[in-house]
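Report on one structure; see the data block that follows.
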Ligand SMILES: Nc1ncnc2c1ncn2[C@@H]1O[C@H](COP(=O)(O)OP(=O)(O)OP(=O)(O)O)[C@@H](O)[C@H]1O
Ligand SMILES: [Mg+2]
């Protein structure tokens, strides 16, 4: 195991920006509000009811696990809240903005600026280095080449890969590849990170590594929603939402969130493996 330090961004150089605005009391505005979201796929003569009326609010700084059996609508829901697809009916507000009423250009803009995506299959370009992969989302963001590189280095440092920037994906472990994908998702300073089965292709120890990175990012203030079918992975989040047959059937806080870094360290210790993972946690 390679040591990785997740480093604190310097002042004025924050990859993660706070959510704007608060309601009259002390509670901030939700980052996500969905009301009766319905998604029906039409396949020839057949209608597939993927989402049957999903209403959910997610507040800034939350770390939510969407769980449920295969086919229950988890990815369909993530695609809608990630503005990658349109609902059949229902409303969706992202940071207070009614997504369904935005023009396609504005939607693309809000998606690029506000949302980072991480997928099960890391989706890295195999012929490009970690650095180039992370620079990719900034190509159209109007930054100079120098600024792109500076931000990409910073994001890679944040996920503990500052010493792997010139590696190709084939020269990285599965966990490291997923960390490159997380750095790529962070590089445009989104306030929301969406991850669909981010540990689905990883063994349990590497899953811990990824959950430790996600927990450290959440502690820094980024709102995270992950899809997982694995209760052990969901135990590292703060809230568990269970879907079944296109509906939310339970939504509850995690009573005592486990520390992925502590569990990872315990696994390493019991295996007497070399190395260590130190994630510097900060209060937001
Ligand atoms: N593009 C599509 N066209 C038609 N039907 C679809 C499409 N995408 C998903 N579905 C159907 O919608 C339902 C919900 O699928 P979805 O991918 O959201 O489930 P999931 O909870 O993410 O499952 P998994 O855990 O297997 O990833 C399933 O019945 C699926 O077959
Ligand atoms: Mg899915």
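We did not get these values from a lab; they are worked out from the coordinates using the rules stated. Being a predicted model, the structure only gives us computed values, none of them experimental. Here the Cβ is made from the backbone with ideal geometry for all residues, glycine too, and neighbour counts use every protein chain on show.
Here the peptides 116-129, 242-255 are ranked by packing, the mean other Cβ count within 10 Å, and the order with the highest first is 116-129, 242-255. Summary of packing: across the peptides 198-205, 38-45, the per-residue average of other C-beta atoms within 10 Å ranks them, highest first, as 198-205, 38-45.
In this rough spin-label picture, where each label sits 7 Å from Cα along the Cβ direction, the residue 45-residue 105 distance is 4.4 nm. Kirkwood radius and radius of gyration were both taken over the C-alpha atoms of region 103-216, and their ratio Rg/Rh is 0.96. Peptides 258-266, 171-179, 135-143 ordered by packing proxy, namely the average of other Cβ atoms within 10 Å per residue, highest first: 171-179, 258-266, 135-143. Subtracting the Cα-Cα distance of residue 97 and residue 85 from 0.36 nm times their residue separation leaves 2.7 nm of extension gain.
Based solely on its DSSP helices, what 222 nm [θ] is calculated for the chain when runs of n ≥ 4 H residues each add -39,500 (n - 2.57) and the sum is averaged over all residues, nearest 500 deg cm²/dmol? Walk me through the numbers on the way to the answer.
Values: 8 runs with 84 residues, N = 284.
The helix contribution divided over the chain gives -9000 deg cm²/dmol.
Report the FRET efficiency, 1/(1 + (r/R0)^6), for residue 29 and residue 70, where r is their Cβ-Cβ distance and R0 is 25 Å, rounded to 0.05.
Numbers: r = 34 Å, r/R0 = 1.34.
FRET efficiency, residue 29 to residue 70: 0.15.
Calculated on the alpha-carbon coordinates, the convex hull of the chain measures out at 147 cubic angstrom per residue.
With the simple model of a label 7 Å out from the Cα in the direction of the Cβ, residue 38 to residue 259 spans 4.8 nm.
Share of antiparallel DSSP beta bridges in region 27-279, in percent to the nearest 5? Intermediate values should be presented prior to the final figure.
On the way: 23 of 40 bridges.
If I count the DSSP bridges inside region 27-279, around 60 percent turn out antiparallel.
Across region 27-279, the relative contact order, built from alpha-carbon pairs under 8 Å that are at least six residues apart, equals 25 percent. Starting from the Cα of residue 55, step 7 Å toward the Cβ, then list every residue of region 92-110 with an amide N under 15 Å from that point. It comes to 92-93, nothing else.
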